[in-house]
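Notes follow the structure.
The values are calculated or read from the model by the stated rules, or taken from the named source; none is laboratory data. Just so it is clear, the structure is predicted and the values come from calculations on it, not from any experiment. A quick note on method: Cβ atoms are made from the backbone with ideal geometry, for glycine too, and the neighbour counts reach across all protein chains shown.
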Amino acid sequence: MFSPFLPLSCFDLLVGKMSVKVLIPTPLQKFTQDQAVVECDASNIQELIDVLESKFPGIKSRLCDENGNPRRFLNFYVNSEDIRFLNNTATPLSDGDEVSIVPAVAGG
């Protein structure tokens with residue numbers, strides 16, 4: 001329930017939105033005004049992607065394919081844990097979590 005007496009951050013906690021730090025890889029920083037780290041409020045990875053798109057239009061198409069799934073060449077980590085081994089885009093986020101977006105590297 002919204003209370004005009006609670007600071008916005010307290011309201012976010014009541015409705016389950018958590019402030020997380022997102023580490024943006026260099027190739028995508030053109031979408032974030034050259035910011036390597038951004039703060040977002042989201043309760044899971046899917047919501048985080050949507051919040052990033054609302055703050056930085058155009059970034060979602062670089063993060064997700066046409067079906068809305070993370071692109072194969074990008075890896076998402078929550079506190080150094082690969083979301084593919086957690087709950088993928090349904091992976092919950094907690095206040096203070098760090099989400100890293102890491103381009104896959106191939107070579108030989």
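Numbers for the structure displayed
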{"quantity": "Test set (1) among the hydrophobic types (A, V, I, L, M, F, W, C); (2) buried (at least 16 other Cβ atoms within 10 Å of the Cβ); (3) modelled with pLDDT under 95; (4) closer than 23 Å to Ala106 by Cα - Phe73 fails condition number", "calculated": "(2)"}
{"quantity": "The lone exception for Thr89 - which of (1) β-branched (Val, Ile, Thr); (2) within 20 Å of Met18 (Cβ to Cβ); (3) free of Cβ contacts under 8 Å to residues at least 40 places away in the same chain; (4) surrounded by fewer than 18 Cβ atoms within 10 Å (Cβ to Cβ) it fails", "calculated": "(3)"}
{"quantity": "Hits in the stretch 6-28 - residues which are modelled with pLDDT under 95 and part of a loop (DSSP other than H, G, I, E, B)", "calculated": "Leu6, Pro7, Val15, Gly16, Lys17"}
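Residues checked against (1) modelled with pLDDT under 95; (2) in a strand (DSSP E or B); (3) surrounded by 12 or more Cβ atoms within 10 Å (Cβ to Cβ):
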{"position": "Lys30", "(1), (2), (3)": "no, no, yes"}
{"position": "Asp34", "(1), (2), (3)": "no, no, no"}
{"position": "Cys40", "(1), (2), (3)": "no, yes, yes"}
{"position": "Leu48", "(1), (2), (3)": "no, no, yes"}
{"position": "Leu52", "(1), (2), (3)": "no, no, yes"}
{"position": "Lys60", "(1), (2), (3)": "no, no, yes"}
